[in-house]
Amino acid sequence: MYFIFLGPPGAGKGTQAKILSKEIKIPHLSTGEILRTITETNNDTGKFLKDVMAKGLLVSDDLITKVVEERILLEDCKNGFILDGFPRTIIQANNLEKILKKNNIKIKSVIQINVDDEILIKRITGRQVCKKCNKIYNKYFDPFPEDGCYECGKKDIMTRSDDEEDAFKNVRLKKYNQETMPLIEYYQKKNQLYTIDGSSSADKIAEKILKFIKSI
Ligand code: AMP
């Protein structure tokens with residue numbers, strides 16, 4: 001089964017995609033995580049990406065499409081995947097259509113997670129990410145445990161420079177509204193969109209998503 005998660009930064013796409021991935025045993029492909037791994041290699045591409053991402057800007061449609069195409073054609077995606085963070089523009093959505101068609105892949109559903117801006121800002125500026133397994137915590141709602149990550153036990157966390165309030169409000173949220181919001185209509189027209197309220201707890205949202213998936 002092939003899914004796309006859509007929603008503003010901080011809506012909980014990553015958290016929900018991880019839960020779903022474990023439940024239905026298909027890989028979670030977060031383009032943000034894939035790109036952050038590339039930035040750790042200290043070559044020119046890594047440095048360039050680090051700079052673009054720290055500013056909260058989007059990397060080019062061509063580059064991200066290539067990264068996604070390579071990833072979804074790997075063996076572990078043959079029974080499905082959950083795309084999180086891609087597509088983010090209409091051009092990316094059209095590119096994805098072509099890749100899917102060429103490989104005879106049909107998207108089962110595009111799951112849009114809706115959250116108000118004020119909640120998003122708290123979620124984003126409080127975000128803490130486990131350095132080892134990428135489990136997401138929040139210093140306001142669900143702080144990183146003092147004796148280590150619940151998932152992997154590691155004690156190191158990272159915060160993201162693109163999570164700072166200014167970069168978030170003035171760049172990422174604006175970019176989302178301008179470039180990614182049009183995808184809602186795009187997938188609505190294709191009858192693929194399922195919208196869910198993302199303001200309740202992660203467990204409750206996950207429950208609703210799973211119920212929906214079992215019903216389709
Ligand atoms: P995320 O973890 O999804 O918030 O992504 C972090 C950053 O990675 C974004 O702010 C962009 O700089 C970059 N990025 C991730 N996915 C994409 C995409 N589909 N198109 C362009 N840039 C992306």
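The values are calculated or read from the model by the stated rules, or taken from the named source; none is laboratory data. Fair warning: this is a prediction, and the values are worked out from it, not measured in the lab. Every residue, glycine as well, gets a Cβ built from its backbone with ideal geometry; the counts of neighbours run over all protein chains shown. The accessibility values were calculated without ligands, DNA or RNA, using every heavy atom of the protein model including side chains. Shrake-Rupley method; radii C 1.70, N 1.55, O 1.52, S 1.80 Å.
Considering only residues of the stretch 16-30 that are assigned to a helix (DSSP H, G or I) and buried (at least 21 other Cβ atoms within 10 Å of the Cβ), which is nearest to the ligand (Cβ to nearest atom)? The qualifying residue nearest to the ligand (Cβ to nearest atom) is ALA17.
From the residues in the stretch 179-208 that are aliphatic (A, V, I, L, M) and closer than 22 Å to ASP117 by Cβ, which one is most open to solvent (accessible area, probe 1.4 Å)? Step by step, filter the stretch 179-208, then rank; the result is MET181.
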